[in-house]
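Here, each number is a calculation from the coordinates, and none is a lab measurement. Since we're looking at a predicted model, the values are computed, not measured. Reconstructed Cβ throughout: ideal geometry from the backbone, glycine too, with neighbour counts over all protein chains shown.
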């Protein structure tokens, strides 16, 4: 039997429910050649079928499974037990709020001191868990929600990609991109809206989901700035500011034609919320006009571009954390990689020596 992603009333109950289902699937698929007591394994599976009251009870069942010979269960359960506590701490309202970025933040903050082998196990466990939900969930209409978690570009491992910055635009590309925002043609109703949406993300570093969730009441103009109240991950709020000359013209034009009934700042012509896919469509058109192609071309690249420039200009990691709304500063540390000014200082270490001595 399949269930909707958010099957229970509370977030922690839904997450626990899917963890139970996943653990049970692993217990029946892992090699059982070391299992000495099949009757005990049957009792553990029966307990999972009944459901557990909390993560501690599920942890005890996983330990019992390991003790009778299913050693591989630890590889999956230990990372997911830590993920459970992390996500519950974030005060999320729905499992659908979990995405690659949030999971990357979890990995960055929780695995920094671990070996590469253990980090790989964390990634495998998380990808497997959400792939399991992708296959097993179904709503009343017969549709399933797809997380499509891959974590391919997570830079936590000491490989060639470990010090690789997320896809972002260099200054020369950014100048072309900003010019292309103005020259890319969209339908008349959407022209100002699309320009405003992309500029809002680019000049503030907010997530795409945060921009799409902005309400008109969240935007205040004063002292030469537009101030945005952003509702981010875990329903936590923060403030972002954009100089008014960057977006004022597009905002005024959009507000003059926007349907006044919807509380959302950005909306479709039928007053429906915009989707991530729609934003990707806008980005593809603008990047094509700008002649820019990256490994990842989505609008999330704008957030990385903002954060990279923010750190390079200010060298203030706390500012990057606050501006991007990262729960853990370790997530922000990726933007300190390849700090050329710091490396130049290293190259000058011998400059005070007299030549020839």
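Shape call for the chain from the C-alpha gyration tensor, a ≥ b ≥ c root eigenvalues: rounded (a/c under 1.5), prolate (a/b greater than b/c) or oblate?
oblate
If you line up the long axis of helix 38-50 against the longest principal axis of the chain, both from Cα atoms, how many degrees apart are they, to the nearest 10?
50 degrees
On a 0 to 90 degree scale, rounded to 10, what angle separates helix 100-110 from the longest Cα axis of the chain?
The answer is roughly 70 degrees.
Evaluate E = 1/(1 + (r/R0)^6) for residue 249 and residue 53, where r is the Cβ-Cβ distance and R0 equals 35 Å; express this FRET efficiency to the nearest 0.05. Kindly include the intermediate steps, with their values, before the conclusion.
On the way: r = 57 Å, r/R0 = 1.63.
Result of the calculation: an efficiency of 0.05.
Mind checking which of 74, 330, 60 has the largest fluctuation in a GNM of the chain, springs on alpha carbons under 10 Å?
Of 74, 330, 60, the most mobile in the Gaussian network model is 60.
What is the angle, in °, between the Cα long axis of helix 171-183 and the longest principal axis of the Cα atoms in the chain? Nearest 10 is fine, range 0 to 90.
80 degrees
With contacts defined as alpha carbon pairs under 8 Å and 6 or more residues apart, what's the relative contact order of the chain in percent?
It comes to 17 percent, rounded to a whole number.
Could you calculate the contour length gain from residue 349 to residue 2, that is, 0.36 nm times the residue separation minus the distance between their Cα atoms, to one decimal place in nm?
118.6 nm
Quote to one decimal, in nm, the extra length available between residue 225 and residue 259 on full extension: 0.36 nm per residue of separation minus the C-alpha distance between them.
Here the answer is 9.8 nm.
When 134, 171 are ordered from fewest to most other Cβ atoms inside 10 Å of their Cβ, what list results?
171, 134
Among 187, 195, 64, which one moves the most in a GNM of the chain with springs linking Cα atoms closer than 10 Å?
Ranking 187, 195, 64 by mean-square fluctuation puts 187 first.
Testing the spin-label approximation: label points 7 Å from Cα along Cα→Cβ at residue 314 and residue 182. State their distance in nm.
Those two pseudo-labels are separated by 2.6 nm.
Calculate the radius of gyration of the Cα atoms of the stretch 171-339 to one decimal place, then report Dmax, the largest Cα-Cα distance, as a whole number, both in Å.
Reported Rg and Dmax, both Å: 15.7, 48.
Find the percent of Cα-Cα distances in the stretch 11-136 that exceed 16 Å, and round it to a whole number.
The share of Cα pairs beyond 16 Å in the stretch 11-136 comes to 61 percent.
Between the stretch 164-206 and the stretch 1-16, how far is it from one alpha carbon centroid to the other, in angstrom?
The stretch 164-206 and the stretch 1-16 have Cα centres separated by 37 Å.
Any idea how far the Cα center of the stretch 277-296 sits from the one of the stretch 84-119, in Å?
28 Å
Summing -39500 (n - 2.57) over the DSSP H runs of n ≥ 4 in the chain and dividing by its residue number, what mean residue ellipticity at 222 nm do you reach, to the nearest 500 deg cm²/dmol?
So the calculated ellipticity at 222 nm is -17000 deg cm²/dmol.
Within 10 Å of each residue's Cβ, count the other Cβ atoms and sort 303, 258, 176 from fewest upward.
Taking fewest neighbouring Cβ atoms as first place, the list is 176, 258, 303.
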